[in-house]
Ligand code: DQA
C-alpha cells in the first residue's frame, strides 16, 4: 500500500485557536483525521508530523525518503525563507507537494514568495483544509 506523510510546520499545532478568521476554527486533530479518511479512501496509508523547529522538519524529510512515496508539506512561515528546507526537499527524491490553508498571494507581500515552490512537485493554496485534500488526490494519482 502506498504510504504518504503529512508534515505541518510552525504554529500549525495551534490551528483552531490561531487567527480563526484566516485558518478556520477546526484544530489539527480534526484536520489529520479528515486527511487520513481521504487517504484511506484513495488506498493510501498516511502518517503525520508537526514541528515548530526547522531542523526537525529537515530530519523528517530525510527519513521520509526511504519510507514514503510522497509528502504533503505545509512549512508555515519557513516557506518564505528557509533555504535549508528547500535543500532538503531537493535532496530527497520523492514528490513533495506544498500546501497552504490561506491564499498566501492575497495576504502580506512577504507571503507571496515561496523559496520551496521551485523544488516541490506542485503547490496548492487558498482552499482551507481542502488544500490538503487536493494534495492527497494529487499524490494518489501521481
Ligand atoms: C500558511 C501560510 C504562511 O504564510 C503562514 O506563515 C503559516 C500558515 C498557511 O497554511 O496558510 O503559518 O502556511
Condition check for residue 108: without any contact (Cβ under 8 Å) to a residue 12 or more places away in the chain, more than 13 Å from the ligand (Cβ to nearest atom), farther than 20 Å from residue 40 by Cα and out of contact with any strand residue (DSSP E or B) (no Cβ under 7 Å at 6 or more places or on another chain)
no
Could you please find all residues in the range 41-52 being over 19 Å from residue 30 (Cβ atoms) and part of a strand (DSSP E or B)?
44, 45
If you check 85, 72, 94, 89, which single one turns out to be away from the ligand (no atom under 16 Å from the Cβ) and at negative phi?
94
Set 102, 114, 51: member being modelled with pLDDT of 95 or more, closer than 18 Å to residue 136 by Cα, touching a strand residue (DSSP E or B) at 6+ places or on another chain (Cβ under 9 Å) and within 15 Å of the ligand (Cβ to nearest atom):
102
Considering only residues that are surrounded by 15 or more Cβ atoms within 10 Å (Cβ to Cβ) and without any contact (Cβ under 8 Å) to a residue 60 or more places away in the chain, which ones fall in the range 53-72?
54, 57, 58, 60, 61, 64
Could you list, in sequence order, all residues of the range 1-36 that are part of a loop (DSSP other than H, G, I, E, B), without any contact (Cβ under 8 Å) to a residue 24 or more places away in the chain and over 18 Å from residue 51 (Cα atoms)?
19, 25
From the set of residues in the range 1-17 that are within 11 Å of the ligand (Cβ to nearest atom) and farther than 13 Å from residue 29 by Cα, which is farthest from the chain's Cα centre (by Cα)?
11
How many residues, within the range 12-42, are buried (at least 17 other Cβ atoms within 10 Å of the Cβ) and at pLDDT below 95?
1
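The values are calculated or read from the model by the stated rules, or taken from the named source; none is laboratory data. Keep in mind that what you see is a predicted model, and the values were worked out from it rather than measured. Don't worry about glycine lacking a Cβ; one is built from the backbone with ideal geometry, like all the others, and counts go over all protein chains shown.
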